[in-house]
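In what follows, a single structure is set out as structure tokens and then discussed.
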Amino acid sequence: MNPVNYLYLAALLFTIGAAGVLIRRNAIVVFMCIELMLNACNLTFVAFSRMHGNLDGQIIAFFTMVVAAAEVVVGLAIIVLLFRSRHSASVDDASLMKL
Amino acid sequence: MNTLAASATSVGEAVQFWVLGTVAVAGAFGTILMRRAVHSALCLAGTMIVLAVFYLANGAYFLGVVQIIVYTGAIMMLFLFVVMLVGVTAADSLKETLKGQRWLAAACGLGFGVLLIAGIGNASLNTFTGLGAANSAHGGNVEGLAQLIFTKYVFAFEITGALLITAAVGAMVLTHRERTERAKTQRELSELRVREGKHLPPLPAPGVYARHNAVDIPGLLPDGTLSELTVSKTLRARGQIRDVSSEALNDLAALEQRSEERLGRETGSHEPHARDESKDPHDSHDSHDEEAAK
């Protein structure tokens, strides 16, 4: 099997994630789609790392994971805050700067 | 294992790729197509576990384990926590605020995917070194990564630590609610209840008037209507109240129907027996429920 297949799979997952961000309204699901895109990028990094016999790609994927963890913590806190003030996690309802 | 798995692609890996790749794509589609956020989260967790297996197959042993521990273990569980906080049954609204946005978005996604895949297809990606040498240079994958993190990427590593602390503090600041007034004492609360003059005793328990004792079944008032007060506020808000007020009447009607049929065929002496028999399952069911509740 050609290891380029991993890149195709990652591209497919990234595309699905991007389409999900555009299609879904629930802020939590939009966030999950962003996570999916980050994971697809990580798979690309790992596959390239293997193709070039170089561990730097894995380091970058590792940092991506850390950044994703930080992003999830803050993002979910913002979603909880939005839900508290608007009683809905839909991105359509958050259309006003101030209630 | 270190050198073999990372330096060549075997038939076994191809089989694994096609089987698990299908699962990963199915999970991704499930994430964006499931109506409930919980199902989306579970589909995404499945996709992430499959990706962890792919990392392991690609010789990234440390990342594969970290993927399972950090992503499926911590991040997805955080997602599930928030889904529970926000409301499990809060399904997405299907009302479109922008007309045709869904189809346009799907078309955009399709175009983007074609672009990406065509780009990969056009690139000349014929180098394949394998990770065998890189993994064994310092004695293993973890040692190799540690060597890089603590020498070449040490500043990035330190800044990442600062980022994590900032994120933790930020999350606490965002979700913290300052108490603006003193909390009421128990005496003040009881005086307030008496002054308001409604519900001095505790709220009525659910289902007690309706021969059921599940919490989602409201008690019945003397006139047979539901008493919304008997069901918890959360269930009321979610609309998960089960109405069984007509069940007793339906049971009675069914019973009469059955006994009529039996009477039509046989003599009347069997009627009380039939009534006992048909009532029996209900009685045993109820007592079973009571035992479980206790």
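Checking the conditions here, which among B:Leu164, B:Leu249, B:Leu226, B:Leu221 is open to solvent by 100 Å² or more (accessible area, probe 1.4 Å) and of a type in the set (A, V, I, L, M)? One residue alone meets the criteria, B:Leu249.
Of the numbered criteria (1) open to solvent by less than 30 Å² (accessible area, probe 1.4 Å); (2) at pLDDT below 90; (3) not hydrophobic (A, V, I, L, M, F, W, C), the one B:Thr3 fails is (1). Of the residues that make up the range A:28-47, is at least one at the interface with chain B (Cβ under 7 Å from one of its Cβ atoms) and over 22 Å from B:Met76 (Cβ atoms)? Looking for residues that are at the interface with chain B (Cβ under 7 Å from one of its Cβ atoms) and over 22 Å from B:Met76 (Cβ atoms), one finds at least one in the range A:28-47, hence yes. Within the range B:59-79, residues that are aliphatic (A, V, I, L, M) have Cβ atoms under 6 Å from residues that are open to solvent by 10 Å² or more (accessible area, probe 1.4 Å) and part of a helix (DSSP H, G or I) in these pairs: B:Met76/B:Ala45, counting only partners at least 6 apart in sequence or on another chain.
With the structure loaded, tell me whether A:Val21 is surrounded by fewer than 23 Cβ atoms within 10 Å (Cβ to Cβ) and either acidic (Asp, Glu) or closer than 19 Å to B:Ile75 by Cβ (or both) or whether it fails that test. Give the derivation first.
On the way: surrounded by fewer than 23 Cβ atoms within 10 Å (Cβ to Cβ): yes; either acidic (Asp, Glu) or closer than 19 Å to B:Ile75 by Cβ (or both): yes.
Taking the combined requirement at face value, the residue satisfies it.
Entry remark, the range B:173-201: residues being part of a loop (DSSP other than H, G, I, E, B) and open to solvent by less than 80 Å² (accessible area, probe 1.4 Å) number 3 in total. For the range B:247-279, a residue qualifies if it is at pLDDT 75 or above and among the hydroxyl-bearing types (Ser, Thr, Tyr), and exactly one does: B:Ser259.
Quick one: would you say A:Ala61 is within 16 Å of the chain's Cα centre (by Cα), within 18 Å of B:Leu148 (Cβ to Cβ) and of a type in the set (Gly, Ala, Ser)? So that I can check it myself, show each step before the final result.
On the way: within 16 Å of the chain's Cα centre (by Cα): yes; within 18 Å of B:Leu148 (Cβ to Cβ): yes; of a type in the set (Gly, Ala, Ser): yes.
So A:Ala61 fits the description; yes.
Quick check: is even one residue across the range A:56-67 among the aromatic types (Phe, Trp, Tyr), touching a residue at least 24 places away in the same chain (Cβ under 8 Å) and either open to solvent by 10 Å² or more (accessible area, probe 1.4 Å) or farther than 19 Å from B:Arg102 by Cα (or both)? Give the derivation first.
Just the residues of the range A:56-67 that are among the aromatic types (Phe, Trp, Tyr), to begin with: A:62-63.
Pick out the ones that are also touching a residue at least 24 places away in the same chain (Cβ under 8 Å) and you get none.
There is no residue in the range A:56-67 that is among the aromatic types (Phe, Trp, Tyr), touching a residue at least 24 places away in the same chain (Cβ under 8 Å) and either open to solvent by 10 Å² or more (accessible area, probe 1.4 Å) or farther than 19 Å from B:Arg102 by Cα (or both).
Looking only at the range A:1-11, which residues are surrounded by fewer than 19 Cβ atoms within 10 Å (Cβ to Cβ), part of a helix (DSSP H, G or I) and either more than 7 Å from every other protein chain (Cβ to nearest Cβ) or not aromatic (Phe, Trp, Tyr) (or both)?
Keep residues of the range A:1-11 that are surrounded by fewer than 19 Cβ atoms within 10 Å (Cβ to Cβ), which gives A:1-2, A:4-5, A:8.
Those still in the list that are part of a helix (DSSP H, G or I) too: A:4-5, A:8.
Hits for the range A:1-11 are A:Val4, A:Asn5.
Being under 15 Å from the mean Cα position of the chain (by Cα), facing chain B (nearest Cβ under 9 Å) and either at pLDDT 85 or above or open to solvent by less than 10 Å² (accessible area, probe 1.4 Å) (or both) narrows it down to one residue among A:Val80, A:Val72; which is it? Being under 15 Å from the mean Cα position of the chain (by Cα), facing chain B (nearest Cβ under 9 Å) and either at pLDDT 85 or above or open to solvent by less than 10 Å² (accessible area, probe 1.4 Å) (or both) holds for just one of A:Val80, A:Val72, which is A:Val72.
When B:Leu200 is tested against (1) under 30 Å from A:Phe83 (Cβ atoms); (2) more than 30 Å from the chain's Cα centre (by Cα), just one condition goes unmet, and that condition is (1). Only one entry of B:Ile159, B:Ile149 meets the criterion of being open to solvent by 50 Å² or more (accessible area, probe 1.4 Å) and either without any contact (Cβ under 8 Å) to a residue 12 or more places away in the chain or among the aromatic types (Phe, Trp, Tyr) (or both), and that entry is B:Ile159.
The values are calculated or read from the model by the stated rules, or taken from the named source; none is laboratory data. This one's a predicted model, so the numbers in the text were calculated from it and none came from an experiment. Neighbour counts are summed over all protein chains in view; Cβ atoms, including those assigned to glycine, are modelled from backbone coordinates with ideal geometry. Surface accessibility is based on the protein's heavy atoms, side chains included, excluding ligands, DNA and RNA. Shrake-Rupley method; radii C 1.70, N 1.55, O 1.52, S 1.80 Å.
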